[in-house]
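> Below is one structure. I have some questions about it.
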Amino acid sequence: MKLLKNKLTVTIIVLSVAFLGLITLTVSREDKGFESGAGSTLNPVQKVAYGFNRGVKDFVDFFLNFSDVRDENKELKKENDKLKAEIDEYSKLKEENERLQKVLNFKDEKNNYDYIGTNIIGISGDSILNGYIVDRGKDDGIEKGMVVISADGLVGQVSSVGKNWAIVQCIVNENVKVAVMVDSTRENTGILQGYKDYFNNNLAKVLNLPIDSEVKEGDVIVTSGLGGYYPKEIKIGEVVSVEEDRVRVMKSAIVKPYVDFNKIEELFIVAPKDKREIKYD
């Protein structure tokens, strides 16, 4: 019985050595035979050994290189995040530059006014319809009644002033009225005031247009300058629909303002250089 056990042990050792020998032979043939194109066909046992050896080798290579790949991916992610941040910053600067350029163009056309930049610091009441609170006031030469614009067009007018603050009431408020004209027809009898449609959108409506007016969808509405209360030809918005009132014998136009009153960033108060009396040319 003891002899049988010894024989079994010897047999296992011999087979193990033979298997290791096959692996060594396979590696040697891989280096000498396969790479030179002179290798011979593997028998089934050698195929198993070769496949096992290649799998172990690939796994070891992957394990050794994994740390380097992971570190490289971290660096690439940091670089990608940095580039995204730079692109976002560039886009913001580009948009700001375009907005300010529009104001500068208007300033060049209307150079008999001062333009006082302000920041919005709050909302008066519970809605933008009640106006914006800005960080300029009497100490900066701001007076009640002064006109306020943004890069996109007319915003409204100063309705009240404190020492270092003011409230700007928007044209979408129905209490604000502006003398306007249709840019295409030059009809200057219109009066614009705030208006809400059925979907509660903040729009404006031009009243008192003649019944035979040729105003149409897509026309641009600008200030007329009549009454000396607003500078002439400040852009306000675009006509989205036209209504006809046969009883009052007039037309009215619904206008979508160019200014997005929920996204205003810069406001400019238009101050006549002679501020003894607020009057606009």
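The values are calculated or read from the model by the stated rules, or taken from the named source; none is laboratory data. Keep in mind it's a predicted model, so treat the numbers as computed, not measured. Cβ placement follows ideal geometry from the backbone for every residue including glycine, while neighbour counts extend to all protein chains displayed. We work out accessible area using only protein heavy atoms, side chains counted, and drop any ligands, DNA or RNA first. Shrake-Rupley method; radii C 1.70, N 1.55, O 1.52, S 1.80 Å.
> Which value, in Å² rounded to 10, gives the accessible area of ARG248 with a 1.4 Å probe and all protein chains present?
Result for ARG248: roughly 150 Å² accessible.
> Can I ask one more? Please give the direction-averaged projected area of the C-alpha convex hull for segment 113-272, in square nanometres with one decimal.
For the Cα atoms of segment 113-272, the hull's average projected area reads 9.2 nm².
> Multiply the residue separation of ASN201 and LEU76 by 0.36 nm, subtract the distance between their alpha-carbon atoms, and state the gained length in nm to one decimal.
Additional length available on full extension: 40.4 nm.
> So, one more: Under the Karplus relation 6.51 cos²θ - 1.76 cosθ + 1.60, θ = phi - 60°, what is the ordered set of whole-Hz ³J(HN,Hα) values for segment 220-234, x standing for Gly and Pro?
9, 9, 10, 5, 8, x, 5, x, x, 8, 10, x, 6, 6, 7
> Add +1 for every Lys or Arg and -1 for every Asp or Glu among the other residues with Cβ under 12 Å from the Cβ of ILE167, and state the total.
Net charge in that neighbourhood comes out at +1.
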